[in-house]
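Asks: Structure below; questions to follow.
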Amino acid sequence: MTGAGGKSFARNGYGRVPEAGEEVLPEAEEQVYYRPLWVEEPATRRRLPDPVRTSAVRAVIIIAVTLIQAMVAFLCTLAGSWLAFPMVLSSVASTVVATWGALDVWVTRQVWNQRNGVVSEPSSTARALRRERRKARRQERTAERTKERIRRRGGHAGQLSHS
């Protein structure tokens, strides 16, 4: 490229023109670091199952429409419009439907968990109790084996050899 006064210059990889006395690197020697647009991170929670997600989307749409209806009913009431009464009635009906939609998400989630299983995360107290029971059973088995070993040997205390 040619600048004012006939001097030639080259743009560097960052789109700026080098200053006077600054060395211009050829394209091959230039080190340009391209940062990725996003970095993949593991999800903190698992994705919702399809039926649950479908009912959740349905519920959100119904609730949004209900809120819009309620706002229109309120504004029509303030304006004294004839549309106020029908809008209030439809808002009441929509509130019932929105409640049903929210309950539908909850019920669908419960049913999905029952049918397909859910990862069990017992409380720390339940885990501790189970650990204690396992330890007691282990000790009982060890004591049982020791008694069995003594009985097999004939119960001779102080015997140094098997002969």
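The values are calculated or read from the model by the stated rules, or taken from the named source; none is laboratory data. The shown structure was predicted, so the numbers you read here are calculated from the model rather than taken from an experiment. Methodologically, a virtual Cβ is constructed for each residue, glycine included, from the backbone with ideal geometry; neighbour enumeration extends over all protein chains shown. Only protein heavy atoms, including side chains, enter the accessible area calculation; ligands, DNA and RNA are left aside. Shrake-Rupley method; radii C 1.70, N 1.55, O 1.52, S 1.80 Å.
Asks: Just to be sure, is Trp106 free of Cβ contacts under 8 Å to residues at least 12 places away in the same chain, open to solvent by 50 Å² or more (accessible area, probe 1.4 Å) and part of a loop (DSSP other than H, G, I, E, B)?
Replies: no
Asks: Also, I was wondering about something else. Out of Glu22, Glu27, which single residue is open to solvent by 60 Å² or more (accessible area, probe 1.4 Å), over 21 Å from Asp104 (Cα atoms) and modelled with pLDDT under 60?
Replies: Testing whether each residue is open to solvent by 60 Å² or more (accessible area, probe 1.4 Å), over 21 Å from Asp104 (Cα atoms) and modelled with pLDDT under 60 leaves just Glu27.
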